[in-house]
Amino acid sequence: MTTDNMFDVLIIGGGVSGMSCALVLGSAKNKTFVTDKKIGIFTHQKNSSLQEAIFYNAYGITPGKLGSELLTESTQDLAITYPHITQIPNEKVIKIEGSYPEFTVVTNKNSYQTRNIVIGIGSANTFDIEGLMQFVEPHKKALPEKQRIQLKNEDHKVADGIYVIGTLAGWRSQLAIAAGSGAAVATDILTLWNNGVQTHAHDSIR
């Protein structure tokens, strides 16, 4: 496997948790242990629950904001603010092969190499990524009749190099919870890159 095109992390899902994870990782770009890291996100959003959402109860979001607008604006904002993050639109991940630190992510169009994977594509029971099905279990915080699923995880970690975020991690679908879940995993990855030293990324006007 060549390392030239190897991503350090690939985020699967362009909804709230995936974009939040990408934004926090992007904001750490000036940290010495992040400057050489290659970050990518699959921004497939067609099945995002945001498509039908409107927000009156989310911190920092103007009341009446449509979720569909957030989806469009988030990818645009990510491209402008953190252009070093590779956005991969219009591709659906169908298979994950390998193990840490050399995974292959196969989509309906291409394949990619990455050291770490973050999965945030919602908790619908139509989940069908080959190589991850053994981690699927019933969602612990959803009504049984909704038939939601989650991936078995401990503090978002599914296996070495594989993280799950948002509702697929077993969280409820409040926007703030999903966003916090994505940001939490981003800081876990930053800590990993910083040789285990606890770290995070804050923006400041100073």
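The values are calculated or read from the model by the stated rules, or taken from the named source; none is laboratory data. Quick caveat: nothing in here was measured; it's all calculated off a predicted structure. A quick note on method: Cβ atoms are made from the backbone with ideal geometry, for glycine too, and the neighbour counts reach across all protein chains shown. All accessible areas refer to the heavy atoms of the entire protein, side chains included, with ligands and DNA or RNA removed. Shrake-Rupley method; radii C 1.70, N 1.55, O 1.52, S 1.80 Å.
Summarising the overall dimensions of the chain from its C-alpha atoms, the Rg and Dmax are 16.1, 50 angstrom.
Percent antiparallel among DSSP beta bridges with both residues in the chain, to the nearest 5?
On the way: 18 of 34 bridges.
Taking every DSSP beta bridge with both residues in the chain, the antiparallel ones total about 55 percent.
Which whole-number value in Å² is the accessible area per residue of segment 8-194, probe 1.4 Å?
Working: 9260 Å² over 187 residues.
Accessible surface, normalised per residue, equals 49 Å².
Distant-in-sequence amide contacts of TYR163, defined by a placed amide H-H separation under 5 Å and a gap of 5 or more residues or a different chain, comprise ILE117, VAL118, ILE119, VAL158.
Beyond 19 Å, the tail of the calculated P(r) for segment 1-122 holds 49 percent of the Cα pairs. Between PRO138, PRO89, PRO63, the Gaussian network model of the chain with springs among Cα atoms under 10 angstrom shows the greatest mean-square fluctuation at PRO63. Over the chain, Cα pairs under 8 Å with separation of 6+ residues give a relative contact order of 25 percent. Annotation: the antiparallel percentage among DSSP beta bridges lying fully within segment 1-103 is about 35. Here the 3J(HN,Hα) profile of segment 172-188, calculated from phi with Karplus coefficients 6.51, -1.76 and 1.60 at θ = phi - 60°, is 6, 8, 5, 4, 5, 5, 4, 5, x, 4, x, 5, 4, 5, 4, 6, 5 Hz, Gly and Pro shown as x.
Which whole-number percent of Cα pairs in segment 117-206 have a distance greater than 18 Å?
Values: 1836 of 4005 pairs.
Value for segment 117-206: 46 percent of Cα pairs lie more than 18 Å apart.
Beta-bridge orientation, segment 101-206: approximately 75 percent antiparallel, per DSSP, counting only bridges with both partners inside. Using the Cα centre of segment 8-194 as origin and beta-carbon charges of +1 (Lys, Arg) and -1 (Asp, Glu), tell me which of SER111, GLY15, LEU70 is placed farthest towards the positive end of the dipole. Among SER111, GLY15, LEU70, the one farthest towards the positive end of the dipole of segment 8-194 is LEU70.
Each residue of segment 115-130 is assigned a 3J(HN,Hα), and the resulting list reads 7, 9, 10, 10, 10, x, 10, x, 10, 5, 6, 7, 3, 8, 7, 4 Hz, derived from the Karplus form 6.51 cos²θ - 1.76 cosθ + 1.60 (θ = phi - 60°), x at Gly and Pro.
Between segment 24-48 and segment 124-163, the C-alpha centres lie 23 angstrom from each other.
Annotation for segment 61-124: trypsin sites (Lys or Arg not before Pro) lying in DSSP loop with at most 13 further Cβ atoms inside 10 Å of their Cβ are LYS109. Highest mean packing comes first when the peptides 176-188, 75-87 are listed by Cβ atoms within 10 Å, giving 176-188, 75-87.
If you take every residue apart from ASN125 with its C-beta less than 10 Å away from the C-beta of ASN125, what net charge results, scoring Lys and Arg +1 and Asp and Glu -1? Present the calculation step by step, with values, prior to reporting the outcome.
Working: positive: LYS146, ARG148; negative: ASP128.
Net of charged neighbours comes to +1.
Just from its helices, what would the mean residue ellipticity at 222 nm be for the chain, if runs of 4 or more DSSP H residues each count -39500 (n - 2.57) and the sum is divided by every residue, rounded to the nearest 500 deg cm²/dmol? Write out the running numbers ahead of the final one.
Values: 3 runs with 46 residues, N = 206.
About -7500 deg cm²/dmol.
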